[in-house]
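Data first, discussion second: the structure below is written as structure tokens.
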Amino acid sequence: MKPKYHLFKNAKYAFEGIKALIKNETAFRLELIIIIPALILSFFLELSLTHHLFLIFVLILILITEALNSAIEACVDLVCEEWNEKAKIAKDCGSAAVFFSVCLALLVWLYTLGVLWIKN
């Protein structure tokens with residue numbers, strides 16, 4: 001039988017996941033070190049609300065894909081004790097997702113900052 005849904009209990013699980021990411025995932029910590037100052041910087045840029053939200057969105061997308069990649073890696077490690085080609089593919093594809101999200105964020109930020117620089 002499926003347990004009953006509890007908003008606060010489920011939120012607690014989410015915060016435990018965030019704690020686990022910070023404690024166990026070096027890549028997540030490094031991304032936070034870059035993303036938090038970028039988020040703060042974004043508040044000082046003279047942008048429309050839409051552009052501002054888009055800058056924030058692409059940064060949060062990196063954290064989302066990193067969390068999903070970490071979940072994939074943990075599941076693969078749980079299931080596969082020995083090296084396996086399909087396990088490698090799963091982990092590599094998760095890493096590719098993070099890479100694509102980082103590339104997207106860089107393109108959006110570089111474009112936006114370039115436009116701001118040209119305007120001034």
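The values are calculated or read from the model by the stated rules, or taken from the named source; none is laboratory data. Quantities reported herein were computed from a predicted structural model and do not represent experimental measurements. Don't worry about glycine lacking a Cβ; one is built from the backbone with ideal geometry, like all the others, and counts go over all protein chains shown. The accessibility values were calculated without ligands, DNA or RNA, using every heavy atom of the protein model including side chains. Shrake-Rupley method; radii C 1.70, N 1.55, O 1.52, S 1.80 Å.
What's the carbon and sulfur percent of the chain's accessible surface, probe 1.4 angstrom, rounded to a whole number?
73 percent
Which value in deg cm²/dmol, rounded to the nearest 500, describes the helix-derived mean residue ellipticity at 222 nm for the chain, given -39,500 (n - 2.57) per DSSP H run of n ≥ 4 and division by the residue count?
After summing the helix terms and dividing by the residues of the chain, the value is -30000 deg cm²/dmol.
Please report the net charge: other residues with Cβ closer than 13 Å to the Cβ of LYS88, K and R +1, D and E -1.
Charge balance in the 13 Å sphere: -3.
Evaluate the charge dipole of the chain about its Cα centre and quote only its size in Debye, nearest 20, assuming +1 on the Cβ of each Lys and Arg and -1 on the Cβ of each Asp and Glu.
500 debye
What distance in nm lies between label points placed 7 Å from Cα along the C-beta direction at ILE89 and CYS75?
Placing both labels 7 Å beyond Cα along the Cβ direction yields 1.6 nm.
Given the chain, what count of lysine pairs have C-alpha atoms under 22 Å apart, with each pair 8 or more places apart or on different chains?
So the count works out to 7.
With the crude spin-label approximation of a point 7 Å out along Cα→Cβ, what separation in nm comes out for TYR5 versus ILE118?
Going from the TYR5 label point to the ILE118 one covers 4.6 nm.
Stick to the Cα atoms of the chain, pair each with every other, and give me the Kirkwood hydrodynamic radius in Å at one decimal.
Result for the chain, one decimal place: 16.6 Å.
Taking only protein heavy atoms and a 1.4 Å probe, what accessible area per residue, in Å², does the chain have with all protein chains in place?
Per-residue value: 78 Å².
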